[in-house]
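This report concerns only the one structure given below.
The values are calculated or read from the model by the stated rules, or taken from the named source; none is laboratory data. Keep in mind that this is a model prediction, so the values were computed, not measured. Cβ placement follows ideal geometry from the backbone for every residue including glycine, while neighbour counts extend to all protein chains displayed. Note: accessible area is taken over every heavy atom of the protein model, side chains too, but ligands, DNA and RNA are not part of it. Shrake-Rupley method; radii C 1.70, N 1.55, O 1.52, S 1.80 Å.
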Amino acid sequence: MIENQKIRPAQVVGPLGEPLTLASLPAPGTTRWVVRRKAEVVAAVNGGLLTVDEACERYSLTLEEFAGWQRAVDRAGMPGLRVTRIQHYKSLYERHQRY
């Protein structure tokens, strides 16, 4: 029954190029979300270390909040996760889509 087993990597490449493991991820009770921590959680999900549901449950995130982080990383990289620059990067992305 190999098809039913979930194969997960022991580590994935983090946003700064360092190896990420479950032990090196932000603590489950994290409430202060700096750019690096958000990017680490997104990298863990993208690399298969965590599922989206596990990440949302572990960090008490809504699916919409996590999806917003993922979109920000896809559009602008780590700088897109900065709360103070969300509107700036959003308008740049929308302008880029028009042309």
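Per the conditions (1) modelled with pLDDT of 95 or more; (2) over 18 Å from Gln70 (Cβ atoms), the sole criterion not satisfied by Glu40 is (2).
When you scan the range 1-54, how many residues do you find that are small (Gly, Ala, Ser) and part of a loop (DSSP other than H, G, I, E, B)?
Kept after step one, since they are small (Gly, Ala, Ser), are these residues of the range 1-54: 10, 14, 17, 23-24, 27, 29, 39, 43-44, 47-48.
Filter again for part of a loop (DSSP other than H, G, I, E, B), leaving 10, 14, 17, 23-24, 27, 29, 48.
Matching residues across the range 1-54 total 8.
Might you check whether a residue that is polar (S, T, N, Q), open to solvent by 60 Å² or more (accessible area, probe 1.4 Å), assigned to a loop (DSSP other than H, G, I, E, B) and modelled with pLDDT under 95 occurs anywhere in the range 66-85?
Taking every residue of the range 66-85 in turn, none turns out to be polar (S, T, N, Q), open to solvent by 60 Å² or more (accessible area, probe 1.4 Å), assigned to a loop (DSSP other than H, G, I, E, B) and modelled with pLDDT under 95.
Just one of the numbered conditions (1) under 9 Å from the mean Cα position of the chain (by Cα); (2) touching a residue at least 40 places away in the same chain (Cβ under 8 Å) is not true of Val35: (1).
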